[in-house]
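K.L.:
Just dropping this structure here.
FYI, it's all coordinate maths here, none of it is from the lab. Note that this is a predicted model, so its numbers are computed, not measured. Here Cβ is always computed from backbone atoms with ideal geometry, including for glycine, and neighbour counts include all displayed protein chains.
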Amino acid sequence: MLIGSFSKKALYILFAYLILVLPAQAAEDFIIEDIRVEGLQRLTPGTVFNYLPMKVGDEFNDQRSGEVARVLFKTGLFDDVRLKRDGNVLVVIVKERPSIASITLNGNEDIKSDDLIDSLRQIGFAEGRVFDKSQLDGLERELRRQYFSLGKYAVRIKSTVTELENNRVDVVIDISEGLPAKIRQINIVGNESFDEDDLLKQFKLSTPTLFSFFTKVDQYSKQKLSADLESLRSFYLDNGYVNFNIDSTQVSITPDKKDIYITVNVTEGEPFTVSRVELAGDLIIPEEDLFKQVRITRGDLFSRKAVTETTTNLTDIIGNEGYAFANVNAIPDIDRENKTVAVTFFIDPGKRVYVRRINFSGNVKTRDEVLRREMRQLEGAWISTTKVQRGRIRLQRLGYFQEVNVETPAVPGESDQVDVNYSVVENPSGQFLAGLGFSQSQGFIFQTSVTQDNFLGSGKSIAFAFNNSEVNRQFTLGYRNPYYTIDGISRGFNATFQQRDASNANVTRFDSTVWGGGVDFGIPVSEFNSFFLSLNYENTEIDTDSIIAREVIDFINLNGDRFDILRLNSSFTYDTRNSAFFSDDGMLHRFSAQVAVPGPGDSLEFYKLSYRTQIFYELIEDYVFSFKGDIGYGDSYGDTEEFPFFENFYAGGPKSVRGYEENTLGPKDSTGRPLGGNLRLIAGAEVILPVPFLRDLKSFRISGFFDAGNVYGVDEDFDVGELRYSAGIAGIWVSPFGLLSASVAAPIGDKDGDETQPFQFTFGTNF
């Protein structure tokens, strides 16, 4: 009965005492003349001597014997340690623990073997190390924990340890992962003011859905539930329920470990309103300007979200005045009797902070001056958080960098100075782009261009484009200096030569030869507004030898087949997008006008007007809504009686209405081929979707889209009934091989004669 009451640990201590201490107590004390170690297989005697707390010449007694045993066991190298006396020689008899010869994992799919082996190596459980059964037990517990976090509660783990020669062991861990448990029901108990369906919309976890096999939202994890409960709490606090409380949460799993049921018990309390809003502390900015940043007013339902937004806004506006380390604390005064909350925002601006230096890193090719001229924050001036972030956005908009980050560390030893450090990851500045398409009328079309957007790291761009398809033979040279003047006025030149055989294109048949060139200037008006002006000369000759449509013949008979066109282009742009590529915030508005003015020789007189817009804003976390619109109109004037057919607008294809073959929408000529028109209307809406497991991959984007549009001829009125629509999914990937875009679209409202093309893609290669 007495022995039965001992714990395993107590029995182990008693056993060690019996085999180690008692024999030592029975022995007489002696002076150690030599020490001998027996039982070693892999270890050397020197290893044992290094750990022994005694040496030759020391006196051996009862106390020292217990010390020897404790020290050697503590090394973790031995399963057994015994001491005996041979004359005046101390004999240490040990049994080594085996070493691990190999570790094998079987059946694991969700957790990679390499990752697991690396983590084991960090805790000392690796090939060649001493085998410790307790470490193996801990490994099994950790594996179960990781699989439980993945919702796989039916996981089975079995470890097999096989003894080998030379005191080694093989460790084999067999894993049967099983299927993840699914959430079958989520219940919220105690809610009275809101329907359960509305509350469950705050959860990311849910019961199985159509796409849950991909999103995994029906797989339970403790971390995800904690996040959802916090979202539920925020929902109530944002609607005035100051006393809201989550009383308990029950998570139950069925015996077969396949289904999970979640019950959340809540107490709502009553809604509180705001009785007053005050500002306190050191108001370094006029109070009326600060109150413009307040997002909560008297009489509103109390909202933690509005309080947080106000705190952020106040911190930002104070930060723009150089107080980078300002603290703004919201202090609520809750009156539970009257169900009101008085909110005071206490402002402590601290010291005004100045920028010592602006530093750049990661720009291996791009010169510092190219980055520095995009800065809005000045060295030596007080810091403005808005200007610092604006510098980051301007660097992103250059298109030279994959990623731009900024930090503002304090200068060591200084309380009022910071450095502004921008780090960039450069894109390949040279690019070879290829466009590939297929249609029944054209077959494969191949278009290429070579560009160097950041020539020798100077920020200047050069381009050489050529198209040697069945439709076009085109050569274009271009050059642009974005900072022709120190104020940011850009200047560019271009020259082009084109031979066009439209008989193989999705447009009316005609052959033409065009050569010319021009110069352009870009003028920044303000931070977000810019003006563009260009003058181009083109010599155009139409070949009438091929079979052409009546519309082309009529135009040539009226105006001739050779023209000198002098184009004057201008545009005004408002652009707040946060990136040149893959924007997810901001907007673009561009108004353009193009006029062909009388020039030398036989000239044409016409004009083209266009408006383009693109808007991005966040719907909910990780979901971005994008809208685009494009309106174009052209007509002739002066002595030219008809709008030139080769200036027509076209629609259809990857850049307008996806799902329809490129350029095929709108009026047809007398031979039934697309003629284009002088009025184009294009609109589209997209929802940019988060991609599971690829959220950190900034070079990939997927979206669901809806496109609409068409073109109308000179003699046609705008008719909503003639618009064409499509819906589908599109993806863009800036791959190591270049830009690849693809879309799968279902045409909507297509009519007889429309040429549809559900799958469309382009690709390119960077160098």
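K.L.:
Report the Cα-based extents of region 483-766 along its three principal axes, largest first, to the nearest Å.
P.N.:
61, 56, 37
K.L.:
OK, next. What distance in nm separates the two pseudo spin-label positions at Glu407 and Asp174, each 7 Å out from Cα along the beta-carbon direction?
P.N.:
4.9 nm
K.L.:
Straight-line reach from Lys216: which lysines have a Cα under 26 Å away, not including same-chain ones fewer than 8 places off?
P.N.:
Answer for Lys216, where 26 Å is the Cα cut-off: Lys112, Lys152, Lys182, Lys201, Lys204, Lys224, Lys257, Lys258, Lys698, listed by chain and number.
K.L.:
Classify region 182-267 from the C-alpha gyration tensor, please: rounded if a/c falls under 1.5, else prolate or oblate depending on whether a/b exceeds b/c.
P.N.:
Prolate.
K.L.:
Tally Lys and Arg at +1 and Asp and Glu at -1 over the other residues with C-beta under 12 Å from the C-beta of Arg567: what net charge comes out? Working shown, then result.
P.N.:
Working: positive: Lys608; negative: Asp520, Glu538, Asp564, Glu605, Glu647.
Charge balance near Arg567 sits at -4.
K.L.:
For a paramagnetic label modelled at 7 Å from the Cα of Leu533 toward its Cβ, which residues of region 550-576 fall within the zone defined by backbone nitrogen distances under 12 Å?
P.N.:
The answer is 569-571, whose backbone nitrogens lie closer than 12 Å to the label point.
K.L.:
For region 580-709, what is Rg from Cα atoms divided by 2.2 N^0.38 Å, rounded to two decimals? Don't jump to the answer; show the numbers that get you there.
P.N.:
Numbers: Rg = 18.9 Å, N = 130, 2.2 N^0.38 = 14.0 Å.
Rg over 2.2 N^0.38 Å, computed on Cα atoms: 1.35.
K.L.:
Going by how many other Cβ atoms sit within 10 Å of their own, how do Ile246, Ile547, Ile682 line up, fewest first?
P.N.:
Working: Ile246 16, Ile547 8, Ile682 23.
Result, fewest neighbours first: Ile547, Ile246, Ile682.
K.L.:
Going by how many other beta carbons lie within 10 Å of each one, how would you line up Leu604, Leu378, fewest first? Write out the running numbers ahead of the final one.
P.N.:
Details: Leu604 25, Leu378 12.
By the 10 Å Cβ count, ascending: Leu378, Leu604.
K.L.:
Given Cα pairs under 8 Å that are at least 6 residues apart, what percent is the relative contact order of region 549-660? Don't skip to the answer; put the middle values down first.
P.N.:
On the way: 202 pairs, mean separation 22.5, N = 112.
Result for region 549-660 is 20 percent.
K.L.:
For region 273-348, count all C-alpha to C-alpha pairs, find those more than 20 Å apart, and express that count as a whole percent of the total. Could you put the intermediate results ahead of the total?
P.N.:
On the way: 746 of 2850 pairs.
Pairs farther apart than 20 Å: 26 percent.
K.L.:
How do the peptides 159-165, 510-516 rank, highest first, by the average count of neighbouring beta carbon atoms within 10 Å per residue? Don't jump to the answer; show the numbers that get you there.
P.N.:
Working: 159-165: 11.3, 510-516: 17.6.
The most tightly packed comes first, giving 510-516, 159-165.
K.L.:
Next question, about the same structure. Using all Cα-Cα distances in region 99-176, what percent lands in each 10 angstrom bin from 0 up to the longest?
P.N.:
18, 55, 24, 4, 0
K.L.:
Using a Förster distance of 41 angstrom, determine the FRET efficiency expected from the C-beta separation of Leu740 and Arg491, and round it to 0.05.
P.N.:
On the way: r = 33 Å, r/R0 = 0.80.
The value I calculate is 0.80.
K.L.:
What ranking of Ile32, Ile523 emerges when the number of other C-beta atoms within 10 Å of each C-beta is taken as an exposure proxy, fewest first? Walk me through the numbers on the way to the answer.
P.N.:
On the way: Ile32 17, Ile523 14.
Ordered from fewest to most neighbouring Cβ atoms within 10 Å, Ile32, Ile523 come out as Ile523, Ile32.
K.L.:
Right, another one. With runs of 4+ DSSP H residues as the only contributors, calculate the mean residue ellipticity of the chain at 222 nm using -39,500 (n - 2.57) per run, divided by the residue total and rounded to the nearest 500.
P.N.:
Rounded to the nearest 500, it is -5000 deg cm²/dmol.
K.L.:
Going Cα to Cα from Lys751, which aspartates and glutamates come in below 19 Å? Please leave out same-chain ones fewer than 8 positions away.
P.N.:
Glu661, Glu662, Asp669, Asp707, Glu716, Asp717, Asp719, Glu722
K.L.:
What's the local net charge at Val343, with K and R +1, D and E -1, over the other residues with C-beta under 15 Å away?
P.N.:
Numbers: positive: Arg276, Arg295, Arg298, Arg304, Lys305, Lys339; negative: Asp238, Glu278, Asp300, Glu309, Asp333, Asp335.
Every neighbour counted, the sum reads 0.
K.L.:
I want to check the label-to-label distance for Gln250 and Thr312. Put each point 7 Å from Cα in the C-beta direction and report it in nm to one decimal.
P.N.:
Taking the two extended label points, one gets 3.8 nm.
K.L.:
How large is the Rg to Rh ratio of region 354-426 when both quantities use alpha carbon positions and Rh follows Kirkwood?
P.N.:
Rounded to two decimals, Rg/Rh equals 0.97.
K.L.:
Another question about this same structure. Beyond 49 Å, what percent of the Cα pairs of the chain remain?
P.N.:
Numbers: 135668 of 293761 pairs.
Beyond 49 Å sits 46 percent of the P(r) for the chain.
K.L.:
Under the definition of Cα pairs under 8 Å and six or more residues apart, what whole-number percent is the relative contact order of the chain?
P.N.:
Values: 1739 pairs, mean separation 41.6, N = 767.
It comes to 5 percent, rounded to a whole number.
K.L.:
Set the Förster radius R0 to 60 Å, insert the Cβ-Cβ distance between Asp80 and Ser592 as r into 1/(1 + (r/R0)^6), and round the FRET efficiency to 0.05. Spell out each step's value before the answer.
P.N.:
Working: r = 88 Å, r/R0 = 1.47.
Computed FRET efficiency for Asp80 and Ser592 comes out at 0.10.
K.L.:
Separate question: Step through the table entries Lys133/Lys222; Lys55/Lys84; Lys292/Lys387; Lys365/Lys655, compare each Cα-Cα distance with 26 Å, and write down the pairs that go over it. Don't jump to the answer; show the numbers that get you there.
P.N.:
On the way: Lys133/Lys222 29 Å; Lys55/Lys84 15 Å; Lys292/Lys387 20 Å; Lys365/Lys655 32 Å.
Correct reply: Lys133/Lys222; Lys365/Lys655.
K.L.:
Local charge sum around Arg233 (other residues, Cβ-Cβ under 14 Å, Lys/Arg +1, Asp/Glu -1)?
P.N.:
Details: positive: Arg304, Lys305; negative: Asp228, Glu230, Asp238, Asp247, Glu268.
Summing Lys and Arg as +1 and Asp and Glu as -1 gives -3.
K.L.:
Gln63 versus Asn569, label points 7 Å from Cα toward the beta carbon: distance in nm?
P.N.:
My value for the distance between the label points is 9.6 nm.
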